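One structure is given here, and the rest of the page talks about it.
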Amino acid sequence: MENTTLKNIIIETLAFLGLTLSLVYAIKYYPALPSKIPNHYTSSGLIEDYMSKNIIIIMTCLNIGMYLLLTLLKKHPNWCNSPVEVTEKNKKELYTIDLWFVSLLKLNIVWIFTFSILSIINNALENKSALQPIIIMLIITFIVIAVFVIKMTNTAKPTLPK
């Protein structure tokens, strides 16, 4: 069960572009990174702790893994954990909602990882980058989750006869 509407194609393309950007950026700049990169800053912007540059490899692999896992989940909406009971009567509508939810969740997760990877690399190379895009993407992710839980819950409610 795959949604091939124009909106879904755009969402999938944006997710793939984010994945590609993080992969290309990581491959391009990993050799230039020092072996230890800044991990934590004080409120005044001073470096307080360091981590291995291998975190870039780990985060890139996690980004690819999440992308592939969520792509697989879209092909099997029955694997989704629904907040309501799935019945023959509401299955089609709930699975359609699941497809949109997983698509938007994948888009957000990929871009959270992408912004994180870019930010870590930019900070390590002393091209300071703000974390605002990551915070915004996290907020959007929680809003998406809340909206889809409400939508699924309302879908499963029986309608009363008039």
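I'd like the residue in the stretch 71-86 that is surrounded by 14 or more Cβ atoms within 10 Å (Cβ to Cβ) and under 17 Å from the mean Cα position of the chain (by Cα) and, out of all such residues, is modelled with the highest pLDDT. Can you show your working first?
Within the stretch 71-86, the first condition is being surrounded by 14 or more Cβ atoms within 10 Å (Cβ to Cβ), and the residues that meet it are 71, 73-74, 77, 80, 82, 84, 86.
Still in the list and also under 17 Å from the mean Cα position of the chain (by Cα): 71, 73-74, 80.
Values: 71: 94, 73: 89, 74: 88, 80: 75.
Across the stretch 71-86, the extreme among qualifying residues is 71.
Regarding the stretch 27-44, can at least one residue be identified that is exposed (fewer than 12 other Cβ atoms within 10 Å of the Cβ) and touching an Asp or Glu at 6+ places or on another chain (Cβ under 9 Å)? The answer is yes, given that some residue of the stretch 27-44 is exposed (fewer than 12 other Cβ atoms within 10 Å of the Cβ) and touching an Asp or Glu at 6+ places or on another chain (Cβ under 9 Å).
Condition (residue is at pLDDT 80 or above, aromatic (Phe, Trp, Tyr) and on the phi < 0 side of the Ramachandran plot) applied to the stretch 112-121: is it met by at least one residue? The answer is yes, given that some residue of the stretch 112-121 is at pLDDT 80 or above, aromatic (Phe, Trp, Tyr) and on the phi < 0 side of the Ramachandran plot. In the stretch 76-86, the qualifying residues are those that are of a type in the set (S, T, N, Q) and either in contact (Cβ under 8 Å) with a residue 40 or more places away in the chain or not in a helix (DSSP H, G or I) (or both), and the one that is nearest to residue 54 (Cα to Cα) is 81.
Among the residues of the stretch 87-121, which ones are outside any helix (DSSP H, G or I), surrounded by fewer than 18 Cβ atoms within 10 Å (Cβ to Cβ) and touching a helix residue (DSSP H, G or I) at 6+ places or on another chain (Cβ under 9 Å)? Please lay out each step first, then the result.
First, the residues of the stretch 87-121 that are outside any helix (DSSP H, G or I): 87-90.
Now restrict to residues that are surrounded by fewer than 18 Cβ atoms within 10 Å (Cβ to Cβ): 87-89.
Across the stretch 87-121, the qualifying residue is only 87.
Has the stretch 34-43 got at least one residue that is under 22 Å from the mean Cα position of the chain (by Cα), closer than 23 Å to residue 124 by Cβ and of a type outside the set (A, V, I, L, M, F, W, C)? Yes; the residues of the stretch 34-43 include at least one that is under 22 Å from the mean Cα position of the chain (by Cα), closer than 23 Å to residue 124 by Cβ and of a type outside the set (A, V, I, L, M, F, W, C).
Please verify whether residue 68 is assigned to a helix (DSSP H, G or I), touching a residue at least 12 places away in the same chain (Cβ under 8 Å), at negative phi and within 20 Å of the chain's Cα centre (by Cα), treating the condition exactly as stated. Here the answer is no, as residue 68 does not meet what is asked.
The values are calculated or read from the model by the stated rules, or taken from the named source; none is laboratory data. As the structure is a prediction and not an experimental result, all values here were calculated from the model. Neighbour counts are summed over all protein chains in view; Cβ atoms, including those assigned to glycine, are modelled from backbone coordinates with ideal geometry.
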